Amino acid sequence: MVKFSVNGQPVEFNADPDTPLLWVLRDSLGLTGTKYGCGRAQCGACTVHINGEPEFSCSVKVADVSGKRISTIEGLAATNPVAKAVKGAWIDKDVVQCGYCQPGQVMAAVALLAKNKSPSDADIDAAMEGNLCRCGTYPRIREGIKTAAAALTKKTPGSVS
Ligand code: FES
Ligand code: FES
């Protein structure tokens, strides 16, 4: 048995421990927001957070997440300021085209901004390079990240730096 948590809820998985985490999320838990793209760690559609780090869930065995915290796109709480800023920016900048890659893009962007609220272009490139988009929304993704970063670092009236 493999025990871990998904979006704050305890999970026990009793089948083959070599099962990819992506299959457990989608097929066993019904969390279909995380997408299956290539299945070979080459597209980023399946990106989730494992103990806060962005990982390709298609290429992680469920046995390897024993005792760890998994977050999926469904678990991005509205109360999480980074998630809120990214979701707002994605809407504001109309980032999404077909949408297929976007859960993975959002998870990668949230992981970046959780650590670095003022990413440079190079930081954004490095953080997002594993997430492909067939629709070519890269310029809007970059703008969305910058918009979210600006919202997260906005000074309130009367504040001093
Ligand atoms: S489906 Fe996991 S990286 Fe493509
Ligand atoms: S929005 Fe279509 S694949 Fe990225």
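The values are calculated or read from the model by the stated rules, or taken from the named source; none is laboratory data. This is a predicted model, so every value here is computed, not measured. Note: ideal-geometry Cβ built from the backbone for every residue, glycine included; neighbour counts use all protein chains shown. Each accessible area value is taken on the protein alone, full model and side chains, heavy atoms only, with ligands, DNA and RNA left out. Shrake-Rupley method; radii C 1.70, N 1.55, O 1.52, S 1.80 Å.
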For region 1-100, accessible area per residue (1.4 Å probe, heavy atoms of protein chains only), Å²
53 Å²
Among ASN51, LEU22, PHE4, which residue has its Cα positioned farthest towards the positive end of the charge dipole of the chain, with +1 placed on the Cβ of Lys and Arg, -1 on the Cβ of Asp and Glu, and the dipole taken about the Cα centre?
ASN51
Under a Cβ-only charge scheme (Lys and Arg +1, Asp and Glu -1), can you give me the dipole magnitude of region 1-97 about the Cα centre, in debye to the nearest 20?
180 debye
Kirkwood Rh over alpha-carbon pairs of the chain, then Stokes-Einstein at 20 °C and 1.002 mPa s: what D in µm² s⁻¹, rounded to an integer?
133 µm²/s
Links exceeding 31 Å between C-alpha atoms in this model, out of LYS61/LYS154; LYS3/LYS154; LYS3/LYS146; LYS61/LYS146; LYS35/LYS115, come to LYS61/LYS154; LYS3/LYS154; LYS3/LYS146; LYS61/LYS146
What is the percent carbon and sulfur in the accessible area of the chain, measuring with a 1.4 Å probe over the protein chains and ignoring ligands?
51 percent
For the pair ASP18 and GLU129, the simple spin-label estimate (label points 7 Å beyond Cα toward Cβ) gives in nm 3.2 nm
Can you send over the solvent-accessible area of GLU74, 1.4 Å probe, protein chains only, in Å² to the nearest 10?
80 Å²
Angle between the Cα long axis of helix 81-92 and the longest principal axis of the chain, 0 to 90 degrees, nearest 10?
70 degrees
I'd like the accessible area for LEU132: 1.4 Å probe, protein heavy atoms, all chains in place, Å² to the nearest 10.
90 Å²
How big is region 66-158 in terms of Cα radius of gyration and Dmax, in angstroms?
13.1, 47
Largest-first ranking of TYR36, TYR100 by accessible area, probe 1.4 Å, whole protein assembly kept, is TYR36, TYR100
Pairs of Cα atoms under 8 Å, at least six residues apart: use those to get the relative contact order of the chain, whole percent.
23 percent
In degrees from 0 to 90, rounded to the nearest 10, what is the angle of the helix 102-115 Cα long axis to the longest principal axis of the chain?
70 degrees
